[in-house]
Each structure stands twice: as C-alpha cells, then as structure tokens.
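The values are calculated or read from the model by the stated rules, or taken from the named source; none is laboratory data. In this text the structure is predicted, and so the values were computed from the model without any measurement. Cβ placement follows ideal geometry from the backbone for every residue including glycine, while neighbour counts extend to all protein chains displayed.
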Amino acid sequence: MKKFLESRFLRLIALAAGVFATSGLAPAQTHYVLTNDDLAFPFQTGVGFFTVGTNGLPVFLQQVHTGTFGIGGGYFGMNRLAVLNSASQKCVYASEALNGFIVGVDISTLTVGGITSGSDTDAGTTNGIGMVMNGNYLYASFSDSNTIGTFAVQPGCSLTFIGDTSVIGLHGGIVNGMALHGSILITSYTDGSIASFTISGGTPISNGDEQLSTATVTSQDATYANAIDITKDGHYAIFGDTSTALSVEVSDISSGKLTKTTVFKSRASISSSNILLSPDETILYVVNTQGATVSALFFDKYTGKLSAGCTSGPLAGLSQNWSYLGAVVPMSQSGNGGGVFVAEFGTVSGIATVPLTVSGQKCSVQEAKGSPTADPNTPGLLSIESFPPRSF
Amino acid sequence: MRGMSKWVLAIAVCGLPFLKPMAQDCPARPATGTVVADPYSINSHGGTLTAHFTLGHSVDSAGYTHFCYKYQAPGQVVEAPTLRVNPGDVISLNVVDGLSPDNSMKMDMAAPSGPPCGDGGAATINSTNVHFHGMNVPPICHQDDVINTLIQPGSPGFQYNVHVPTTQPPGLYWYHPHVHGFTEFQVNGGAAGALVVNGMEKVRPEVAGLTERVFVIRQQYLVPWIPGPYELTVNYQTSFLAQFPVIDMKPGEKQFWRIANATLQDFLELQVQVNGTAVPLEMIALDGYPLAQTRNQTTILVPPAGRAEFIVQAPSSGNAIFVTNAYSTGPTGNADIATTLATIQTTTSTAASSHMPESTPPSADGLKFRNLAVQPAATQRKLYFSEEFGGTNGPIQFYITVDGQKQKVFEPNEQPVITTKVGAIEDWTVENRALETHAFHIHQIHFRVLEIDGKPAANTDLRDTIEIPYWDGKGPYPSVKLRMDFSDPSTAGTFVFHCHILLHEDLGMMHKILVTP
C-alpha cells in the first residue's frame, strides 16, 4: 500500500512536472499590480507593488523607492511602466519624466536594479515618457524631444542606451501611444497621425506608412489615436481615440505595414484613450477616460471587427477623489481577463476593480464592491501594469 | 475644467513673459469692508451717449495685471462707468487702447476672413475691441462686430456708433472686450462694465420709485493668470477674511438690484439671507429682458455673462448677507465656491442713490421677441458642447458642434457653421455632452427658452445666456431647446455663439453664424 501510495505520489509529481514542461507554465508567480507612483518635484517617486486579495481587489504591499522625480501627469495613452518576464530575469521598468530616467526594479527582490537615461536631448518633462519592450529592447517615447530611445536589456534589470530615432506626426504631432509585436513598432501622435517602424535590427526604422487615422479625418467626434494594442498574431493594430464619444480604430497590419483604419464608434461614453485586448482576444476593454466609465467591446480576432458590448456606470469617487482614468490591465491573464484594473488619477489616486461577466453576446461591467483601492504613494497615478504580464 | 490641468494649460498656452512690472494705469479700487458705491453713470443726452474710454492696466507686486476701462469724469478718472441709454439712442463711444505695444504674447491664429475693421493686424494680448453683450444691435463694423474689429495699442482709437433699436428691451446689459484668444485676460478682474437701457418701470411698474443699485460682480484669479483659486468682487471691492463689501439699505426698504455676472467662469447662485435663511427676491428681469410676470425666488442662478434684476427688501432691523452658494459645475468643472459677496447693513443714513422713475402706464408693446413663443419655427437644429482631453496636462479641446459636422475649434478665418436668412425663426436644441457645465450665449439676439431636458420649461424666459448642466455619465444629455428669432434685418451679417466660460471661448468653443439679408 505504501509503495502504491509512493508510486501514485511520484506519478502525480511526474505528471505535474510533465504538464508544466509541456505547457510552458512555471510554478505560479505572485500576481502583482504595479503602479508608477508618479510624483512631481520635490517628491521622490517609486514603483508600487500590490498583490491581489481573495476578493479580487488589489492590496497594497510595498513601494520600491526609486529616488527619482516624475511630473505628476501627462498623456493618457502612454504607459510609464514596462514589464520584462524572461527566463533570466523579472523586471519592471518605470519612466521618471522629470529626470528623464528609466529605472529598473527587480521583481524577485523588490529592489532597484539599473537607472538609465537616454541622450542629452531626450526629454519628456511636459507629458511624460512612454515605454514598450520585448525581451531584448525597451523603446521609450520622449514627448518633449519627440524621440524614441532604444535601450538594450541588460542583466540586473538594467538597460544600455543605444540611440534615438526622431519621430513626428504628419502635422507636427507629438509621439503618444506605442505598441510592438515581433518586428513591428507602432506609434500614434497628437495630430492624428499613426506610423509603424521595423525593429528587427533593434533601432526603429520607418516603414514609410505614416498616415492620418480615419477617425481623425472623417469622424465627427474623434481627434486622434492615443493608446495602441496589437493582436497576438500581429494581424491587427487597434487604436483608442481621444474623442468626445467612444471611438476605436482597427488597422490590418498583416503586411507589416499600417493600412487605413476602420472606425468603431458608440455614444456609450466619452473618450477611449486607453484600451486593452483581453488575454483570449474576445474582448477589447476601453477606458472612457473622460466619461469615467469602462466599456467592453466584443472583438473578432479573425476579422478584426468590433461590436457593441457594455459600459459600466461612472466609477466611484470621480471628482471627489480622482479626475481621470488611466492605464488598464486584466484582472487575470486567462480567458477574457474577467475584468480589469484601471488607474485613477487624482488627489486620492487608486486602482479601480471592474469585473466583467459575459453571457453569449451580452456582457456587463460594473465596479466591484470595495473598489477602488487607494495608492497611498501618489496623487498622480496614470500607469499601471500587471505581473506576470499578458502573454502578448 | 480640472484645476491642475488648467494651471498647466494656462502657462503652456500663455507663458509668463508678460508678468513683468508695467504701468499703474487703473484708478484705485475701493478698500475692503467699505460701503459699496454704484459705478459712475454716463447718461445719453439728446439721443446720444458720448464717451471716451482708454483701456489701461495696472500690475501689482505679484505681477498681477488688472485691465480697466478708464473714463475722465469731472474731476476724476473712473473705471468702467455704467452707460445709460434710451431705446433709439446712439452710443458714441471712442475707445483707445492704452496698453503697451508689446507683442510678447501672441496666439498663432489665422487672421479673420472678413474685411478688417479698425486697426487690423494680429490679435495679441494687447489688442482689444468691445462687445455690447445682449444688445440687439447689428454685427457690423463700428457697432457690435467682434470678429474683424481690432483696436491696437498706439493707434488713435476706434469709434463705435451703436444704434440702439427703439424696440430694445429695457434692462441691464454689459460691455467687455472680445478678442478671440484674449478675452479672459482682459475681463479678468477688470475690463467690463454695465449698460442700462432705460425704461424698466414702463414694463415692470413694480420697480417705479425704488432705489436702484447696480452691482457688477467680477472675478480675479489669486495666482496671476492661472485659472485656479479666485476671488469675487462687487463693484471692484474684494473681501478679506471677515471683511466684506457693505451694502446700505434702510430698514424694511425695497431696492431694485441689477446684478451683472461679469465673472470669467463663475455660476452665481445668488441669495439674500437674513439670520441664515434665504428670503424671497422678486424677479423683474433676466438678461435685460423684463419677465412677463414677476415671480418670487429665494435663489437666482446667474450663469457667467448673465444678468438678474430683482427687488430686495431689507430686514426691519439687523443685518443680512448677500451670498453666492457653492455650485457644482461637474466632475471636470471648476469648483464654484460659496462666497459672501457683501453684508447688507440696515441704516437710516444711507448715501444718496439713484431712484427709478415713477411709474407710467405699463406696456410691453413693441418689445422685441415679445411674441416669439407663438411664432412657428421653420428650422430645427441640434448643437452640442463637448470636451476632449489627451492627458492631464492637455492637449484639451473645447468644442461646440453643429450635430452632423466634424468637431473643430473656432478659427477667426473659418466659414460660418450655420447659415440662415433674415426672417428665419429656428429652434435650437443645445446639448451638453461634457462632464462640465457650460453657458451658451449667442450675440445680437435674445432667445426664448422652450424646453429643458426635453420637457417644457417652467419659465419660458427670454435670455441671451443660459446654463446647460453637466452630463453625469448616465442617461440622456442635459439639453435646452431655444427659439431663435432672426426676423430683424439688423441681424444680417456674421456673428458668433459660444460658451461664456471665457477660457472655453478663448480656446475655441465658439463658431460663426451667417444671417443673409
């Protein structure tokens, strides 16, 4: 019997190991919601770590002090955090726009790794520094110098600056949102331009496809594309618009270049500055920055088409505690994400928890009881990330 | 708009180089805690009101610029006098821009598309002109054109000859600069004054023989130029700590108060309180138009640029206070804070004040727009206010859009977004799709309020400025339905409609309408 049990136990161990090996799953990692605790001079800033409680709400764990200075705000479509989850290291990089620094924090030890800056002329002191990264490079958009700095990932959660690429919208727009997939990097600008770059060699090289988004040209309610997301297979790029309605655009990038965007518009809320595809790509979460709501649209990853979904009521604390909604991350990294965590920017900044329920082609998004969770270390929370990050 | 953003926006848009010590041009302003005097009045004689204004400014030690209209009265220079005219008069107003010809602050704007009126050139913070707010006068050069008229520093001046129609409703109007991009700067704490069209007692005999008071409520930011913390003034008198402007009344006396909201953005929710309780105020007129029937209200909401005229009765003893309550302008709006505007002191030794003429047989016959409610509208339009934020520090866009058109901010050289004809009666539904309250204003005409939020308005008053509350993120957009009357041939021309929160107007929440002959 004992041998039988030992045998069964060993077989279970072996089975579990086999499952992990074949699925690529590592032993469970702590689920963090990360915050860029953006503070303007003279207050030094840091990166906040929140765990997720059994009720699904973030719980503040600690702040890793970076000793640098932010600007306490900026563009909505930029993410001021970038997460690296490679086999060799787990890092979160935070941009600190006043100094122009990018600070790496080791997620395993919750300590600061490297602090890096770009060129002498790189600057994002007015509206911030956005970031995206893959396993090898981090790309930082400096909104004042209108440059994209390329940084090589180094051990110890540090970076090495490689060089700058000057960028600009067709009508002088400032670089705003960024997203990357494989060898393509896509940018948006404040004048309504969108553009793509090849990054197969590391440094971005223009694909020569810069264009005004369709909504910028034709839509009654939208002015320019802001945040960007890209499907897992790299077929579609999706743009959330700065607008006075809900406005999202989709471009087929399967050729490796941007094509004319198609527009999805709804009067369900106001503005669409932040967007996020769910892990299974069935839902596009839209943060209605100006409307103080979160919308969920149905997305067909095979056709790139969006269809109407649902919109939450105004999130709690608007005006009293916070003024703007910022970045968005999924509550979980499987299925449709189960909802989202959303950054709230204001004197009492925090993280809203907004679960999603789907039944057929109907859905509901409503803020969770007990939400939001205050971030005690900043009145200027615009950027959050998740660790482990979404897989694409 | 959200405070922090506006601070940064103001600096980003305007910069700070103009915050340098300059002239001390403006007359001294009254000391805090003193009895409020009415503005100096200039009356018309023989059918003409003649006056000469010089736009000046003073800069305090903090670099705070106060613009002012200076007028040389006998023995003294006074600031922003009240112009008093009769229907049918001509306002002959000569305006000299006495500011420094320092063009350090320009906005990158296209020149107006029409023929220049006045000095022409580029609009700068030192350029000026005059808008006669609420007056039903032609939108043409030398009368009430604000699109093409520019008066530049150093020029000999500009002559206005405004023909007040014989049908102009008697009531309170006001005048202020209206150079696109810079209106807020010049109105901020200074350049604005009252304009009274005589004859209210002929329409509303309730005011006959009463002591008349004119109070112009202005607003000035505490941090120079930055739309943040502010103070309100009553006829240029500020409050400080527990010291407030003092309004003298005799015990139990009824006075006729004429209030102009000349603030930049403040929605005034006015009350007179006795022992903490708001007392009834007998409403006489709104926006210069006598009400069809008087009504008692304990609270009167006056949007930026609006006017309210009402009868106040002093307590039989003791004091009262004149206040504006806190007013929510929405999640992205400015906080309009509760403020004691003045204390009302009952005294038997009040200073001499002007009195309304005795009553004549009342008649509202002949007033413009009198029958507007029963005139059918041939055209329906929908417009809406909206706001667009790209980040916490901007860019921020303020739009008023004709439904179906592409949203855009105002440019001086734009084509009119609405074209209509003299004789047209139209119904405009104006929605607010922003999380901030806005104040709709159209030049040259009054409109009749038909509906609020799709329901018949309880008070179908004639107005020239009206508040549209913020959208709360749920349900239908707040709206007003307004009947517009372009039947008077004097409306022919191009003029503007806009939000009268002046920062919004300056940043482009405005468009042109063309009325063809």
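In table form, for the structure just shown:
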{"quantity": "Condition check for B:Leu264: touching a strand residue (DSSP E or B) at 6+ places or on another chain (Cβ under 9 Å) and part of a strand (DSSP E or B)", "calculated": "no"}
{"quantity": "Of all residues in the range A:206-223 being modelled with pLDDT of 95 or more and in a strand (DSSP E or B), the one that is farthest from A:Gly74 (Cα to Cα)", "calculated": "A:Ser206"}
{"quantity": "Number of positions in the range A:292-305 that are away from chain B (no Cβ under 14 Å) and assigned to a strand (DSSP E or B)", "calculated": "6"}
{"quantity": "Pairs where the first residue, in the range B:368-388, is more than 16 Å from B:Asp427 (Cα to Cα) and the second is in a strand (DSSP E or B) and at pLDDT below 90, C-beta under 9 Å, 6+ apart", "calculated": "B:Glu387/B:Ile396; B:Glu388/A:Ala222; B:Glu388/A:Thr223; B:Glu388/B:Ile396"}
{"quantity": "Residues of the range A:129-155 classified as among the aromatic types (Phe, Trp, Tyr), within 17 Å of the chain's Cα centre (by Cα) and over 19 Å from A:Gly172 (Cα atoms), total", "calculated": "2"}
{"quantity": "Those residues of the range A:67-80 which are of a type in the set (A, V, I, L, M, F, W, C) and either within 14 Å of chain B (Cβ to nearest Cβ) or over 30 Å from A:Ile174 (Cβ atoms) (or both), in sequence order", "calculated": "A:Ile71, A:Phe76, A:Met78"}
{"quantity": "Filtered residues of the range B:28-65 (kept if assigned to a strand (DSSP E or B) and within 17 Å of B:Pro245 (Cβ to Cβ))", "calculated": "B:Val35"}
{"quantity": "Residue within the range B:51-61 that is surrounded by fewer than 17 Cβ atoms within 10 Å (Cβ to Cβ), within 23 Å of the chain's Cα centre (by Cα) and at pLDDT 95 or above present", "calculated": "yes"}
{"quantity": "Subset of the range B:446-488 (residues that are within 12 Å of B:Leu372 (Cα to Cα) and among the aliphatic types (A, V, I, L, M))", "calculated": "B:Val449, B:Leu450, B:Leu462, B:Leu482, B:Met484"}
{"quantity": "Residues of the range A:306-336 satisfying the condition of being surrounded by 21 or more Cβ atoms within 10 Å (Cβ to Cβ), within 14 Å of the chain's Cα centre (by Cα) and part of a loop (DSSP other than H, G, I, E, B)", "calculated": "A:Met331"}
{"quantity": "Complete set of residues in the range A:348-380 that are among the aliphatic types (A, V, I, L, M) and modelled with pLDDT of 95 or more", "calculated": "A:Ile351, A:Ala352, A:Val354, A:Leu356, A:Val358, A:Val365, A:Ala368, A:Ala374"}
{"quantity": "Elements of type strands (runs of 3 or more DSSP E) contained in the range B:129-247, each with 1 or more residues being touching a His at 6+ places or on another chain (Cβ under 6 Å)", "calculated": "B:131-133, B:158-163, B:171-176, B:211-221"}
{"quantity": "Failed condition for A:Asn36, given (1) within 14 Å of chain B (Cβ to nearest Cβ); (2) out of contact with any strand residue (DSSP E or B) (no Cβ under 8 Å at 6 or more places or on another chain)", "calculated": "(2)"}
{"quantity": "Of all residues in the range A:140-157 being outside any strand (DSSP E or B) and more than 19 Å from A:Phe76 (Cα to Cα), the one that is nearest to the other protein chains (Cβ to nearest Cβ)", "calculated": "A:Cys157"}
{"quantity": "Identity of the residue in the range A:337-365, over 19 Å from A:Ala308 (Cβ atoms), surrounded by fewer than 24 Cβ atoms within 10 Å (Cβ to Cβ) and β-branched (Val, Ile, Thr), that ends up nearest to the other protein chains (Cβ to nearest Cβ)", "calculated": "A:Thr347"}
{"quantity": "Scope the range A:344-365; condition farther than 30 Å from A:Thr378 by Cα and touching a Phe, Trp or Tyr at 6+ places or on another chain (Cβ under 8 Å); matching residues", "calculated": "A:Gln361, A:Cys363"}
{"quantity": "The lone exception for A:Val217 - which of (1) surrounded by 16 or more Cβ atoms within 10 Å (Cβ to Cβ); (2) among the hydrophobic types (A, V, I, L, M, F, W, C); (3) over 18 Å from A:Tyr93 (Cα atoms) it fails", "calculated": "(1)"}
{"quantity": "Residue satisfying condition, being assigned to a loop (DSSP other than H, G, I, E, B), among the β-branched types (Val, Ile, Thr) and at pLDDT 95 or above, within set A:Thr203, A:Thr187, A:Thr160, A:Thr165", "calculated": "A:Thr203"}
{"quantity": "So A:Ala368, is it more than 14 Å from every other protein chain (Cβ to nearest Cβ) and in a loop (DSSP other than H, G, I, E, B)", "calculated": "yes"}
{"quantity": "Breaking point among (1) more than 14 Å from chain B (Cβ to nearest Cβ); (2) touching a Ser or Thr at 6+ places or on another chain (Cβ under 8 Å); (3) surrounded by 24 or more Cβ atoms within 10 Å (Cβ to Cβ), for A:Ile283", "calculated": "(2)"}
{"quantity": "Pairs, first within 14 Å of chain A (Cβ to nearest Cβ) and in a strand (DSSP E or B) in the range B:430-449, second surrounded by fewer than 24 Cβ atoms within 10 Å (Cβ to Cβ) and of a type in the set (S, T, N, Q), C-beta under 8 Å, six or more apart", "calculated": "B:Glu431/B:Ser479; B:Asn432/B:Ser479"}
{"quantity": "Single residue of A:Val83, A:Val64, A:Val47 found to be more than 14 Å from every other protein chain (Cβ to nearest Cβ), touching a residue at least 60 places away in the same chain (Cβ under 8 Å) and not small (Gly, Ala, Ser)", "calculated": "A:Val83"}
{"quantity": "Test set (1) in contact (Cβ under 8 Å) with a residue 40 or more places away in the chain; (2) touching a strand residue (DSSP E or B) at 6+ places or on another chain (Cβ under 8 Å); (3) not hydrophobic (A, V, I, L, M, F, W, C) - A:Gly346 fails condition number", "calculated": "(1)"}
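Residues checked against (1) over 30 Å from B:Val164 (Cβ atoms); (2) more than 20 Å from the chain's Cα centre (by Cα); (3) modelled with pLDDT of 95 or more; (4) of a type in the set (S, T, N, Q):
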site: B:Leu270; (1), (2), (3), (4): no, no, yes, no
site: B:Ala292; (1), (2), (3), (4): no, yes, no, no
site: B:Arg295; (1), (2), (3), (4): no, yes, yes, no
site: B:Glu309; (1), (2), (3), (4): no, no, yes, no
site: B:Ile321; (1), (2), (3), (4): yes, yes, yes, no
site: B:Gly330; (1), (2), (3), (4): yes, yes, no, no
site: B:Ser359; (1), (2), (3), (4): no, yes, no, yes
site: B:Leu372; (1), (2), (3), (4): no, yes, no, no
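Results for (1) at pLDDT 95 or above; (2) surrounded by fewer than 20 Cβ atoms within 10 Å (Cβ to Cβ); (3) not assigned by TED's automatic domain parsing to the domain that holds B:Gln237, shown as yes or no for each residue.
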residue	(1), (2), (3)
B:Gln159	yes, yes, yes
B:Val164	yes, no, yes
B:Tyr173	yes, no, yes
B:His176	yes, no, yes
B:Gln186	no, no, yes
B:Ala194	yes, no, yes
B:Val214	yes, no, no
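This table checks each residue for (1) of a type in the set (Val, Ile, Thr); (2) more than 25 Å from the chain's Cα centre (by Cα); (3) surrounded by fewer than 17 Cβ atoms within 10 Å (Cβ to Cβ).
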residue	(1), (2), (3)
B:Ser349	no, yes, yes
B:Met356	no, no, no
B:Ala377	no, yes, no
B:Leu383	no, no, no
B:Ser386	no, no, no
B:Phe389	no, yes, no
B:Thr401	yes, no, no
B:Val430	yes, no, no
B:Ala439	no, no, no
